[in-house]
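Asker: Dropping a structure here in structure tokens format, bear with me for questions.
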Amino acid sequence: MQILLRLAALLSLAAAASAAEPIKIGQYGAFTGKDADFGLAARKGVLLAFEEANAAGGVLGRPVELIVEDNQSKQGESATIAKKFVSRDKVVAVLGANMSNHSLEAAPVFQNAKVPMIAITSTAPRVTEIGDYIFRVCFIDPFQGTALAKFASDTLKLKRVALLTSVNNAYSVGLSKNFREQIAKLGGTVVAEQRHNEGDKDFRAQLTAIKAAGAEGILHSGNYTEGALICKQARALGFTGPIFGGDAWEGPEFVAIGGAAVEGTYYSTHASNESAAPAMRAFVARYQKRWGELPNATTTLGYEAAILLFDALKRAGTTDSKPLRDALAATKDFPGVTGAITIDEKRNASKPATIVVIKDGKAKFLESVQP
């Protein structure tokens, strides 16, 4: 009889939890358009985290509901989505975006509404400078610029480097600036600086100037679509030196577009699915079972952003915005997939950078650079 009573009580609690009002959380990003690789990868990580949380009984005794909106890789759409999340959907928190430009559009809306936002792979410093309700789970460009400069100097042994920057991309402009400052401190010289716009497809004029300047290597600080074309055109023009980029090169389309031309190129990123860390090995196994593929760094950070938010909700004990914001800000040594995550006083995540090399059409772990 006691066993039956206990079973009935458990069933009653489960029914109550399932009937509880869901905790609404938004995710926005580029799920179509030229930047879709980032958004779709992050979304898979976020979805896995939500599925696991609900399978374990939800958060605060309530199911978590993910409301997803696509900005179509278009400028201006993220702010419109942010207003919808706040006024119509009444979300308690938001995950996204991936691109720094998109986060910079939406973050002021969430800051004004006091809705916590966790950027997934937006590395531009200005993102969290918008206000105290804006957080991120990735490293920031000053550290990434330092890591790439150290890699260029110590590993690639480059002394004469060229920069190719996307001038209407805040991420690209910031990364180039930080790299330029750090490579100079390490004894290197930027011998050529060339620029392009988002969506450009012909870079031969810039690459011809770079080659004429005697550059030994090229840093392209923009996104993977332009990066892959730059690699193809640089090799076609006879440039044989190292070509490398930042985490915006992450994504299968980089290799799909660039083909053999991106073989042997490098980029900095946030994680490697080749890591031997137990947390990463366990995550890779769960992700492969769910999606039938290996996770990339963007996917991993999407998952981490979600589980960090769930943990903060539990620590806050409520969905109210101020206690939730305070719990996020107090995060210290949270056991994420990429290692312990601590949110610093500027609401940025302190964590190492990973350098990968494209080998046999796949991103292979090369080295790790500590903050």
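The values are calculated or read from the model by the stated rules, or taken from the named source; none is laboratory data. Note that the structure is a prediction, hence the values are computed from the model and not measured. Cβ coordinates were reconstructed from backbone atoms using ideal geometry, including for glycine residues, and neighbour counts include every protein chain displayed. Areas reflect the complete protein model, heavy atoms only, side chains present, ligands, DNA and RNA absent. Shrake-Rupley method; radii C 1.70, N 1.55, O 1.52, S 1.80 Å.
Asker: Residue separation times 0.36 nm, minus the C-alpha to C-alpha distance between residue 168 and residue 20: what's the value?
Answerer: My answer for the length gained is 48.8 nm.
Asker: Next question, about the same structure. With r defined as the distance between the Cβ atoms of residue 65 and residue 212 and R0 fixed at 56 Å, what FRET efficiency is calculated, to the nearest 0.05?
Answerer: 0.50
Asker: Name the residues of region 223-261 whose amide N is less than 13 Å from a point 7 angstrom out from the Cα of residue 204 along the C-beta direction?
Answerer: 233-238
Asker: Just to verify a number: FRET efficiency for residue 195 and residue 154, C-beta to C-beta distance, R0 = 30 Å, to 0.05?
Answerer: Computed FRET efficiency for residue 195 and residue 154 comes out at 0.65.
Asker: Quick one: which residues, 5+ away or cross-chain, put their amide H under 5 Å from the amide H of residue 195? H built at 1.01 Å from N.
Answerer: Counting only residues 5 or more places away or on other chains, the set is 165.
Asker: Using a cut-off of 12 Å between alpha-carbon atoms, which aspartates and glutamates can reach residue 201, once sequence neighbours fewer than 8 places away in the same chain are excluded?
Answerer: Answer for residue 201, where 12 Å is the Cα cut-off: 226, listed by chain and number.
Asker: Net charge near residue 189: determine it from the other residues with C-beta under 15 Å of the C-beta of residue 189, scoring Lys and Arg +1 and Asp and Glu -1.
Answerer: Combined, the nearby Lys, Arg, Asp and Glu give +2.
Asker: How much net charge surrounds residue 162 when only the other residues with a Cβ under 10 Å from the Cβ of residue 162 are counted, with Lys and Arg +1 and Asp and Glu -1?
Answerer: Neighbour charge sum, excluding residue 162 itself: 0.
Asker: In terms of modelled amide H atoms, which long-range or inter-chain residues lie less than 5 Å from the amide H of residue 341?
Answerer: 333, 334, 336
Asker: Return the single residue from 47, 219, 301 with maximal mean-square fluctuation; model: Gaussian network over the chain, springs between Cα atoms under 10 Å.
Answerer: Sorting by GNM fluctuation, first place goes to 47.
Asker: Pop out the ³J(HN,Hα) list for region 138-145 in order, Karplus 6.51 cos²θ - 1.76 cosθ + 1.60 with θ = phi - 60°, rounded to Hz; leave Gly and Pro as x.
Answerer: 10, 6, 10, 4, x, 6, 5, x
Asker: Amide H neighbours of residue 265 under 5 Å, at least 5 residues apart or on other chains, H built in the peptide plane: list them.
Answerer: The answer is 358.
Asker: For the pair residue 290/residue 276, report the inter-label distance in nm, with labels modelled 7 Å from Cα in the Cβ direction.
Answerer: Going from the residue 290 label point to the residue 276 one covers 2.7 nm.
Asker: Could you state how much accessible area residue 220 has, in square angstrom rounded to the nearest 10, with a 1.4 Å probe and all protein chains kept in place?
Answerer: Roughly 0 Å² of residue 220 is accessible to a 1.4 Å probe.
Asker: Ordered by residue, what ³J(HN,Hα) values in Hz, to whole numbers, does region 207-216 give under the Karplus form 6.51 cos²θ - 1.76 cosθ + 1.60, where θ = phi - 60° and Gly and Pro are x?
Answerer: 5, 5, 5, 5, 5, 5, 6, x, 5, 8
Asker: Out of the total accessible area of region 218-371 (probe 1.4 Å, heavy atoms of protein only), what percent is carbon and sulfur?
Answerer: Carbon with sulfur: 53 percent of the solvent-accessible area.
Asker: Something else now. Which aspartates and glutamates, if any, have their Cα less than 13 Å from the Cα of residue 332, not counting same-chain residues under 8 positions apart?
Answerer: Result set, ordered by chain and number: 311, 344, 345.
Asker: Rank 283, 365 by accessible area, highest first, at a 1.4 Å probe radius?
Answerer: Highest to lowest solvent-accessible surface, that is 365, 283.
Asker: Please work out the C-alpha center-to-center distance from region 69-99 to region 163-236 and express it in whole Å.
Answerer: Value for the Cα centre distance between the two parts: 31 Å.
Asker: Not counting ligands, DNA or RNA, and with a 1.4 Å probe, what is residue 186's accessible surface area in Å² rounded to the nearest 10?
Answerer: Only protein atoms counted, so the area is about 80 Å².
Asker: Kindly rank 250-257, 328-335 from highest to lowest mean number of other beta carbons found within 10 Å of each residue.
Answerer: 250-257, 328-335
Asker: What does the net charge come to around residue 252 if you take all other residues with beta carbon closer than 12 Å to its beta carbon, with K and R at +1 and D and E at -1?
Answerer: With Lys, Arg at +1 and Asp, Glu at -1, the neighbours total -3.
Asker: Measure up 24/314; 150/177; 90/114; 157/185; 44/314; 157/211 against 20 Å on the Cα-Cα distance and list the ones that go over.
Answerer: As for pairs spanning more than 20 Å Cα to Cα, those are 44/314.
Asker: For the chain, take the longest principal axis of its alpha carbons; what is the angle in degrees between that and the long axis of helix 36-55, to the nearest 10 within 0 to 90?
Answerer: 20 degrees
Asker: Right, another one. How much area per residue is accessible in the chain when the probe is 1.4 Å and only protein heavy atoms are counted (Å²)?
Answerer: Ligands and nucleic acids excluded, the figure is 41 Å² per residue.
Asker: Rank these residues by their accessible area, most exposed first, probe 1.4 Å: 286, 136, 195, 88.
Answerer: Putting 286, 136, 195, 88 in descending order of accessible area: 88, 195, 286, 136.
Asker: Mind checking the full-extension length gain between residue 359 and residue 322? Use 0.36 nm per residue of separation minus the Cα-Cα distance, one decimal, nm.
Answerer: 8.6 nm
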